[in-house]
Amino acid sequence: MDFNENVHILDHPLIQHKISMLRDKNTGTNEFRSLVSEIAMLEGYEALRDLKTKNIEVETPIEKCMTPVIAGKKLAIVPILRAGLGMVDGVLRLVPTAKVGHIGMYRDPETHEPHEYYCKLPAPIELRTILVVDPMLATGGSGSDAIAQIKAHGGKTIKFMCIIAAPEGLKKISEDHPDVQFYVGHLDRELNKDAYICPGLGDAGDRIFGTK
Ligand code: PRP
Ligand code: URA
């Protein structure tokens, strides 16, 4: 399946190794949570490589020099509830000054259609680089609607980061939002009849929070 140039499949061996641990049904809640956070940090390193920098003066033990730091404090991390929450602290470890918004999306178990139940974004959202995070991109409905909602609130510069994507969902979301950059840990084979990703890792929210 072909995707546009805004889709980045991250094939780093450390990310792949940690995703394999996540997939294992014997990985317990505590380890699962840690892995999700570590993968988010590794993916965030890639997704944020175009953050703007500015030079400041620093005095080393040897001499003064001009040296780059991240310019401004305009990053917003927006997890899609619930499972996206598991990726927030990994990105915050990279950019501790980032603000955090929340979007609540619930996927109907029968129709697989997304329903929004909450949206709170940090102002001024139109000036921020917005990193939307959700471990799973299945049909693409939740992610696509979440991005549409952020745009409706004024969001302009949007990136979307997930751990596992299904081809069908990645195609849909990248076509719905050709202006958004997508960062994917691994592209899996397909969706099953219940719209779960195969081989996937099961229900990410349940595995992060120990529900079910
Ligand atoms: C999961 C996942 C995504 C969504 C992906 O959330 O975290 O948000 O499903 O599916 P889609 O691409 O087909 O929309 P879920 O609705 O299960 O909610 P939860 O995070 O509260 O468990
Ligand atoms: N949501 C999940 O958590 N897992 C899937 O495989 C599909 C949707």
(message) I need the fraction of alpha carbon pairs in the chain separated by more than 26 Å, rounded to a whole percent.
(response) 33
(request) Report the one residue of VAL133, GLY185, ILE77 whose Cα lies farthest in the direction of the positive end of the charge dipole of segment 53-212 (charges on C-beta: Lys and Arg +1, Asp and Glu -1; origin at the Cα centre). (result) ILE77
(message) On a 26 Å Cα-Cα criterion, which of the cross-link pairs LYS52/LYS159; LYS18/LYS74; LYS25/LYS99 come out too long?
(response) LYS18/LYS74; LYS25/LYS99
(message) For the full complex of protein chains and a 1.4 angstrom probe, list THR27, THR60 by accessible area with the highest value first.
(response) THR60, THR27
(request) State the extension gain, in nm to one decimal, for the chain segment bounded by MET41 and ASP203, taking 0.36 nm per residue of separation less the distance between their alpha-carbons. (result) 56.2 nm
(message) With a 1.4 Å probe and all protein chains left in place, how much of the accessible area of segment 93-178 comes from carbon and sulfur atoms, in whole percent?
(response) 54
(message) If you average 1/r across every pair of different Cα atoms in segment 123-212 and take the reciprocal, what Kirkwood value do you get, in Å?
(response) 13.6
(request) Sort GLU126, GLU46, GLU63, GLU110 from largest to smallest accessible area, using a 1.4 Å probe on the heavy atoms of the protein chains. (result) GLU110, GLU63, GLU126, GLU46
(request) Please calculate the 1.4 Å probe accessible area of ILE62, with all protein chains present, and give it to the nearest 10 Å². (result) 150
(request) Mind giving me the FRET efficiency for MET66 and GLU31? R0 is 45 Å, r the Cβ-Cβ distance, nearest 0.05 is fine. (result) 0.55
(message) Cβ neighbours within 10 Å, averaged per peptide: list 160-167, 114-121 in order, most packed at the top.
(response) 160-167, 114-121
(message) Can you give me the solvent accessible area of LYS172 with a 1.4 Å probe, rounded to the nearest 10 Å²?
(response) 80
(request) Roll a 1.4 Å probe over the protein heavy atoms and report the accessible area of ASP11 in Å², nearest 10. (result) 120
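The values are calculated or read from the model by the stated rules, or taken from the named source; none is laboratory data. Quantities reported herein were computed from a predicted structural model and do not represent experimental measurements. Every residue, glycine among them, receives a Cβ derived from its backbone with ideal geometry; neighbour counts consider all protein chains shown. Each accessible area value is taken on the protein alone, full model and side chains, heavy atoms only, with ligands, DNA and RNA left out. Shrake-Rupley method; radii C 1.70, N 1.55, O 1.52, S 1.80 Å.
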